[in-house]
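The values are calculated or read from the model by the stated rules, or taken from the named source; none is laboratory data. Predicted, not measured: the structure shown is a model, and the values here were computed from it. FYI the Cβ positions are ideal-geometry reconstructions off the backbone, even for glycines, and counts take in every protein chain you see. SASA here: full protein model, heavy atoms, side chains in, ligands and nucleic acids out. Shrake-Rupley method; radii C 1.70, N 1.55, O 1.52, S 1.80 Å.
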Amino acid sequence: MATVGKNGIKIAVVGGGLAGLAAAMKIAEAGHSVDLFSVVPVKRSHSVCAQGGINGAVNTKGEGDSTAEHFDDTVYGGDFLANQPPAKAMCEMAPAIIYLFDRMGVPFSRTKEGLLDFRRFGGTKHHRTAFAGASTGQQLLYALDEQVRRHEAGGKVQKYEGWEMMSLVLDDHQVCRGLVAMDLKTLEMKAFKADAVIMATGGPGLIFGKSTNSMVCTGSAVSACYQQGARYANGEFIQVHPTSIPGEDKLRLMSESARGEGGRVWVPRAKGDTRAPASIPERERWYFLEEKYPAYGNLVPRDIATREIFQVCLDKMGIGGDNQVYLDLTHIPAETLDRKLGAILEIYEMFVGDDPRHVPMRIFPGVHYSMGGLWVDFEQRTNIPGLLAAGECDYSIHGANRLGANSLVSCVFGGFVAAPAAIEFAKNVERNGADSSALYEQELKLQEENNQRLIKQSGNENQYKLHEEMGKWMTDNVTVVRYNDKLKETDNKLLELIDRYDRISINDSNLWATMALPHARHLWNMLQLARVITLGALNRNESRGAHYKPDFPDRDDENFLKTTIAEYSGEGPVISYEAVDSSLIKPRKRDYSKGKQDTAKAAAGAKGSTLPPKDGAPQVLSQDTEQKPKDLSGPAVWNQNKEEVRDVNHGEAETRREQGKSIEDAGGKSDKV
Amino acid sequence: MSAQPHTHATPNRTQAATVEIRIRRRENTDAAQYWETFEIPYRPNLNIISCLMEIQKNPVTKDGKQTTPPVWNMNCLEQVCGICTMVINGRVRQSCSALVDQLDQPITLEPMSKFPNVRDLIVDRSQMFDHLKRVHAWIEIDGTHDQGPGPRMDQEDVAERYAYSRCMTCGCCLEACPQYDGDNYIGPQAIAQVRLFNMHPTGKMTRDERLEGIMGDDGITNCGNAQNCVRVCPMSIPLTKAIYEENRETIIHGLFGWLKR
């Protein structure tokens, strides 16, 4: 373990992506010790996959950009579901974050004058995105990896790479005192003491089977926290990118610029037509986006494109009846394509083997990002004292939808806020009696028993097939288009999978460095989190940001301008709602068909409008809005709808039990043969 | 639509209905290696990772023998994290970007040979990260508080640094290097990182520390100029250029460095 620093403070950071490394760096710099846990060497974390860039209103292009504009874009893009104070704080910190990375040596692209260059991204009219080639996430992660290595060499950071967090160690008062982790090589488990724990474990994309996420993005550790009492917020908000490249192993992003340069989306008009695309004549092709949206054609906004492609495939109109449609560039001369889209066409070629200059690409929407995550207050503290969260695994900042290039900045911001908050907690926490080893031994024993049970358990279920089933149900019913009956069926399916989980057998008799046992542990945790996502979606009867229900097509601020909170009970998630802090910008209709100024004007007429002042001037909070307490005990409004919703869930569970645990009986589909 | 000829993923080769894969296995660090052959149904667009996933679901050899599932490392599957590196048909590369349609069968999978073999296709590359510590592969910033932007830089210099900065520590260069064998030579990746940081205006201020990191008995002079590293690098990093430049720097430092003391 790392040598304990001044005041004897040691903080455990779980996850070595941007958020985790940002926090680790800040803690070590403050002279305290860090135990850093990561299932992969931290340099191989999922943050490397981010390509586009990092947002910060530096206004190098003289466009009048400001942090206030960035803040407004972020809140508007998130359909007003985000608590506004932390989003504002992030946007204000963003330029300094970019400058810091610049000082740490990130090879950001430059202007002729040698200054940082910025590009435009979705959801804004300003050049606000700093970028390093087409691999900004990789470059930012490496910069933090290097700084943390420097602290590692200085003895302040102890890395546990190849260790996976299994659970938290909580004392009798539900205060977090450390964690239990497993060495993925030896399967040895160990309890680690910590004065505070920061979760920075990224998103849960693997719950949907295949996604654009890396293979470590199971959400497993976060789910473990949730099952130990941490609140999970806005789980139902899952961003789906319209164009990804379906692979046998994962979905890879295909940039929107392919459509920007004239790419056409189509499927054969005849269901199940398996002819090669070139031999399908023009009149037998269905350019469904161009047909349905003559004004915008293939360049409809991202969410609409996603929904339409998804619906076509759900209706079995995808190529060969599969989940794929053509994104066709073959009508554009190859030399034009090379000049404008060279790099992204190479990605397609590398992973698919087809040349998109001559063969239409096959694409499908892909689960990309979770706006939801562990509930945190404005200092990244969860409801469990001593447990904090930062990055994609927390729910703050993005509301109902994340803007492009806001993820990298939110990760670093989260880490930078969590670090001092964790130190503050560690300085003040009462340690009386909590150091007793009994606490740690007890949790360690529990986790060892869990492993032993799985190892000994036998049955005819295959854990990988269970994972596939979960992924298929979640992708079909809990992503782009959501219907309440389908959501109910999905929850029943998840309950069935949870039942069947007891009959999986670990198919590896060699436990040394096995993948089977860790996967089984992930699977359990994923199933629990899948229910949170599904029931959150079921209960939210409106459409907002990434959450779309055709039966409730409008945003309903009166009933649902609220954060969904899920709490674990033995029966599953209990859903309640918490008010959103909209004290700085009054919610207005989100409408990208018009310029933002028009919709802003409309909203400005309303009473108490607090549109941000321009040019980064200090913002004055309006008098008539209640401020959220910083206190961890949480605001009083938290419980207001709890009982009501609990009954809804309870009802569902009862119904199913009465029907004898058979999904077919309950009217659901089953993949059982 | 132009009159393009009918093109398909595998225009040149008739595909077998199955894919045959031979895996060099090992139960644990101390056990002996052995081979096992697997056969899975062919589908278009399979990569090596998908094949391994298929085998993992139902680990039965081609002869019908139930066995333990082979293990391997994987993460991003976009050839940017470096973790899934292995030797495929004799060539070191990432398994996520190795497509079955472009490989001769039977396909052989082996763990990298220059690193401790944990089990099956998993190796321990922590020595590479230790090398990064030795060459001080970071910029010595004064602190993370806001100090405004970093130094101005020419886009041309940035472009050269970007090329070195793409190194994902995958180990292909070390696997292919005839000189590299554990602890006798620090190898191309660390040398290229010295180049990356010594090119930076702030990094230059501590350049000597990095040069000294590659000047010991296992230092840069062990390069035998085989140039394999640059051929296998998946990120096309100009490794031989870095070695050339830094070799010159170390010679100058060796000759005149004492004057600075």
Inset, instruction - Please find, within the stretch A:461-502, the residue that is farthest from the other protein chains (Cβ to nearest Cβ) out of those that are touching a Ser or Thr at 6+ places or on another chain (Cβ under 8 Å), of a type outside the set (Val, Ile, Thr) and free of Cβ contacts under 8 Å to residues at least 60 places away in the same chain. - result: A:Leu487
Inset, instruction - Residues being more than 11 Å from chain A (Cβ to nearest Cβ) and out of contact with any strand residue (DSSP E or B) (no Cβ under 9 Å at 6 or more places or on another chain): count how many of those fall in the stretch B:113-129. - result: 1
Legend entry - Verdict on A:Ile455 being within 14 Å of chain B (Cβ to nearest Cβ), surrounded by fewer than 20 Cβ atoms within 10 Å (Cβ to Cβ), part of a helix (DSSP H, G or I) and out of contact with any Gly (no Cβ under 6 Å at 6 or more places or on another chain): yes
Legend entry - Candidate set: the stretch B:97-112, residues that are over 16 Å from the mean Cα position of the chain (by Cα) and in a loop (DSSP other than H, G, I, E, B); chosen: the one farthest from the other protein chains (Cβ to nearest Cβ): B:Pro106
Inset, instruction - Mind listing whichever residues of the stretch A:132-143 are surrounded by fewer than 21 Cβ atoms within 10 Å (Cβ to Cβ) and either touching a residue at least 40 places away in the same chain (Cβ under 8 Å) or in a strand (DSSP E or B) (or both)? - result: A:Ala134
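Within the bounds of the stretch A:36-59, is there any residue that is among the aromatic types (Phe, Trp, Tyr), crowded, with 24+ Cβ neighbours inside 10 Å and out of contact with any Lys or Arg (no Cβ under 7 Å at 6 or more places or on another chain)?
Quick first cut of the stretch A:36-59, residues among the aromatic types (Phe, Trp, Tyr) only: A:37.
Filter again for crowded, with 24+ Cβ neighbours inside 10 Å, leaving A:37.
From what's left, out of contact with any Lys or Arg (no Cβ under 7 Å at 6 or more places or on another chain): A:37.
Within the stretch A:36-59, one or more residues are among the aromatic types (Phe, Trp, Tyr), crowded, with 24+ Cβ neighbours inside 10 Å and out of contact with any Lys or Arg (no Cβ under 7 Å at 6 or more places or on another chain).
So which of A:Val169, A:Val148 is open to solvent by less than 10 Å² (accessible area, probe 1.4 Å) and in contact with an Asp or Glu (Cβ under 6 Å, 6 or more places away or on another chain)?
Among A:Val169, A:Val148, only A:Val169 is open to solvent by less than 10 Å² (accessible area, probe 1.4 Å) and in contact with an Asp or Glu (Cβ under 6 Å, 6 or more places away or on another chain).
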Inset, instruction - State all residues of the stretch A:458-490 that are among the polar types (S, T, N, Q), under 17 Å from A:Asp502 (Cα atoms) and open to solvent by less than 20 Å² (accessible area, probe 1.4 Å); if no residue qualifies, say none. - result: A:Gln463
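Determine whether A:Leu403 is under 24 Å from A:Ala546 (Cβ atoms), open to solvent by 10 Å² or more (accessible area, probe 1.4 Å) and more than 14 Å from chain B (Cβ to nearest Cβ). Steps first, answer last, please.
Values: under 24 Å from A:Ala546 (Cβ atoms): yes; open to solvent by 10 Å² or more (accessible area, probe 1.4 Å): yes; more than 14 Å from chain B (Cβ to nearest Cβ): yes.
In short, yes.
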Inset, instruction - Select from the stretch A:270-298 the residues that are surrounded by 15 or more Cβ atoms within 10 Å (Cβ to Cβ) and of a type outside the set (S, T, N, Q) and list them in ascending order. - result: A:Asp273, A:Pro277, A:Ala278, A:Ile280, A:Arg285, A:Trp286, A:Tyr287, A:Phe288, A:Leu289, A:Glu290, A:Tyr293, A:Gly297
Inset, instruction - Check B:Phe38 against each of (1) farther than 22 Å from A:Pro41 by Cβ; (2) within 10 Å of another protein chain (Cβ to nearest Cβ); (3) crowded, with 20+ Cβ neighbours inside 10 Å and name the one condition it does not meet. - result: (2)
Legend entry - Options A:Pro356, A:Pro365: the member that is buried (at least 16 other Cβ atoms within 10 Å of the Cβ), within 30 Å of B:Cys76 (Cβ to Cβ), within 13 Å of chain B (Cβ to nearest Cβ) and in contact with a helix residue (DSSP H, G or I) (Cβ under 6 Å, 6 or more places away or on another chain): A:Pro356
Legend entry - Residue count for the stretch A:106-122, restricted to those that are among the hydrophobic types (A, V, I, L, M, F, W, C) and in contact (Cβ under 8 Å) with a residue 60 or more places away in the chain: 2
Legend entry - Residue pairs meeting the criteria (Cβ under 6 Å; at least 6 apart or on separate chains; first at positive phi, in the stretch A:270-290; second open to solvent by less than 50 Å² (accessible area, probe 1.4 Å) and of a type outside the set (Phe, Trp, Tyr)): A:Gly272/A:Gly321
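So which strands (runs of 3 or more DSSP E) stay within the stretch A:163-209 end to end and still have 2 or more residues that are within 22 Å of the chain's Cα centre (by Cα) and in contact (Cβ under 8 Å) with a residue 12 or more places away in the chain? Please lay out each step first, then the result.
Numbers: elements: A:163-170, A:176-183, A:189-193, A:196-199.
Counting at least 2 such residues, we get A:163-170, A:196-199.
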Inset, instruction - Considering (1) open to solvent by less than 20 Å² (accessible area, probe 1.4 Å); (2) within 14 Å of chain B (Cβ to nearest Cβ); (3) farther than 29 Å from B:Gln79 by Cβ, say which one A:Ser211 fails and leave the rest. - result: (3)
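So in the stretch A:172-203, with the set limited to residues that are basic (Lys, Arg) and within 26 Å of B:Met74 (Cβ to Cβ), which one is surrounded by the fewest Cβ atoms within 10 Å (Cβ to Cβ)?
Looking only at the stretch A:172-203, we keep the residues that are basic (Lys, Arg), and these are A:177, A:185, A:190, A:193.
Still in the running and within 26 Å of B:Met74 (Cβ to Cβ): A:185, A:190.
Numbers: A:Lys185: 17, A:Lys190: 15.
Only one residue fits best here, namely A:Lys190.
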Inset, instruction - May I ask you to list the residues in the stretch A:58-90 that are closer than 18 Å to A:Ser396 by Cα and free of Cβ contacts under 8 Å to residues at least 60 places away in the same chain? - result: A:His70
Inset, instruction - Select from the stretch A:503-522 the residues that are more than 7 Å from chain B (Cβ to nearest Cβ), in contact (Cβ under 8 Å) with a residue 60 or more places away in the chain and more than 29 Å from the chain's Cα centre (by Cα) and list them in ascending order. - result: A:Leu511
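Select, from A:Ala400, A:Ala426, A:Ala405, the only residue that is among the aliphatic types (A, V, I, L, M), touching a His at 6+ places or on another chain (Cβ under 8 Å) and outside any helix (DSSP H, G or I). Break it down stepwise before answering.
Working: A:Ala426 fails: outside any helix (DSSP H, G or I); A:Ala405 fails: touching a His at 6+ places or on another chain (Cβ under 8 Å).
None of the others qualify; the one that does is A:Ala400.
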Inset, instruction - Please tell me if A:Asn383 is closer than 30 Å to A:Arg269 by Cα, surrounded by fewer than 24 Cβ atoms within 10 Å (Cβ to Cβ) and either touching a residue at least 40 places away in the same chain (Cβ under 8 Å) or of a type in the set (S, T, N, Q) (or both). - result: no
Inset, instruction - Considering only residues that are of a type in the set (A, V, I, L, M) and part of a loop (DSSP other than H, G, I, E, B), look in the stretch A:49-100 and name the one that is nearest to B:Cys76 (Cα to Cα). - result: A:Ala50
